[in-house]
1. Report whether or not Gly87 is outside any strand (DSSP E or B) and under 16 Å from the mean Cα position of the chain (by Cα).
2. In the range 3-45, how many are among the basic types (Lys, Arg), under 21 Å from Gln93 (Cβ atoms) and either part of a loop (DSSP other than H, G, I, E, B) or in contact (Cβ under 8 Å) with a residue 60 or more places away in the chain (or both)?
3. What number of residues within the range 125-134 are in a helix (DSSP H, G or I) and surrounded by 17 or more Cβ atoms within 10 Å (Cβ to Cβ)?
4. Identify all residues within the range 157-180 that are at pLDDT below 95 and in contact with a Cys (Cβ under 7 Å, 6 or more places away or on another chain); write none if there are none.
5. Looking only at the range 71-111, which residues are surrounded by fewer than 18 Cβ atoms within 10 Å (Cβ to Cβ) and not aliphatic (A, V, I, L, M)?
6. From the list Gly122, Gly54, pick out the single residue that is touching a Cys at 6+ places or on another chain (Cβ under 8 Å) and either touching a residue at least 24 places away in the same chain (Cβ under 8 Å) or assigned to a strand (DSSP E or B) (or both).
7. Going through the range 196-227 one residue at a time, which ones are more than 20 Å from the chain's Cα centre (by Cα) and either surrounded by 13 or more Cβ atoms within 10 Å (Cβ to Cβ) or of a type in the set (S, T, N, Q) (or both)?
Amino acid sequence: MKQAVAIRHIAFEDLGNLTPILQQKDYDITYLEANPGFLDGLDALEPDLVIVLGGPIGAYDEQDYPFLIDELRFLEQRLAADLPTVGICLGAQLIARTLGAKVYPGSDKEIGWSPIKLSVAGQQSPLSYLADNNTAVLHWHGDTFDLPTGCTHLASSSKYQNQAFAWGEYGLALQFHPEVTAQGLEHWLIGHACEIAVTSGISVAQLRVDTARYVQDLSNQAPKFWHNWLNKLDNKLLARPTQHNKT
């Protein structure tokens, strides 16, 4: 089996709808819970795929959360080798910072459902499936980032220019959340209750209404996106002299 490692910063922000896709494509999934020393003993070049998930801390908060330094070094090695690596929300911000871009608080929190707008390159990428029929995706962030030098801009939103970018052939950063499910979001509404309460213009009730309106389209389109992106990894993974090719 192929090895997928998911770095999780908070328990309820998991792989969501990506889980069954990875299982269908013969990936064995391992979660690594972010905390001091969680990357000790793991070779950054070993996993076939790494997915860095979201969380409520900042990509620049290493003074309070020193494990972020190890995480950035881990990502630096993978990105330098152009190994399959996906960052979602905080994960995207960590990739941006690893590649030398500035990550900083945005002018306004972007929480809720809205569509993304694709660049020309984005329209030619697997993200095109998430723009079909004006599909809405979930946004949940207060930080943003500059586009790293050498990356390909893929998507923006009405509030923020940098919503997705590609690095090399196999690096992908997504500020939004294509992985979210309706059931999973119920855990978000509990875990992020304090943030919801102090953020103007959003409420648990409205988030539930909007989720009921938009999540089915995302549930239909996200698997197409994930499958298409993962399909392009197949030739690279077959060429790697890793353990799953030896068994």
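1. On the way: outside any strand (DSSP E or B): no; under 16 Å from the mean Cα position of the chain (by Cα): yes.
Taking the combined requirement at face value, the residue does not satisfy it.
2. If we filter the range 3-45 for residues that are among the basic types (Lys, Arg), which is where we start, we get 8, 25.
After this cut, where a residue has to be under 21 Å from Gln93 (Cβ atoms) as well, the list is 8.
When the remaining residues are screened for being either part of a loop (DSSP other than H, G, I, E, B) or in contact (Cβ under 8 Å) with a residue 60 or more places away in the chain (or both), the result is none.
Residues that pass the stated criteria total 0.
3. Within the range 125-134, the subset in a helix (DSSP H, G or I) is 126-130, 132-134.
Narrowing further to those that are surrounded by 17 or more Cβ atoms within 10 Å (Cβ to Cβ): 126-127, 129-130.
Number of matching residues: 4.
4. none
5. Arg73, Glu76, Gln77, Asp82, Gly100, Lys102, Tyr104, Pro105, Gly106, Ser107, Asp108
6. On the way: Gly122 fails: touching a Cys at 6+ places or on another chain (Cβ under 8 Å).
Going through Gly122, Gly54 in turn, just one is touching a Cys at 6+ places or on another chain (Cβ under 8 Å) and either touching a residue at least 24 places away in the same chain (Cβ under 8 Å) or assigned to a strand (DSSP E or B) (or both): Gly54.
7. If we filter the range 196-227 for residues that are more than 20 Å from the chain's Cα centre (by Cα), which is where we start, we get 196-210, 212-213.
The answer is Ile196, Thr199, Ser200, Ile202, Ser203, Val204, Gln206, Leu207, Arg208, Asp210.
Per-residue answers, yes or no, for (1) surrounded by fewer than 19 Cβ atoms within 10 Å (Cβ to Cβ); (2) within 22 Å of Ala182 (Cβ to Cβ); (3) in contact with a Leu (Cβ under 7 Å, 6 or more places away or on another chain); (4) not hydroxyl-bearing (Ser, Thr, Tyr):
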| position | (1), (2), (3), (4) |
| --- | --- |
| Lys2 | no, no, yes, yes |
| Val5 | no, no, yes, yes |
| Glu33 | yes, no, no, yes |
| Gly37 | yes, no, no, yes |
| Ile51 | no, yes, yes, yes |
| Gly54 | no, yes, yes, yes |
| Ile69 | yes, no, no, yes |
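The values are calculated or read from the model by the stated rules, or taken from the named source; none is laboratory data. Predicted model only: the values in this text are computed from it and were never measured. Virtual Cβ from ideal backbone geometry, glycine too; neighbours counted across all protein chains shown.
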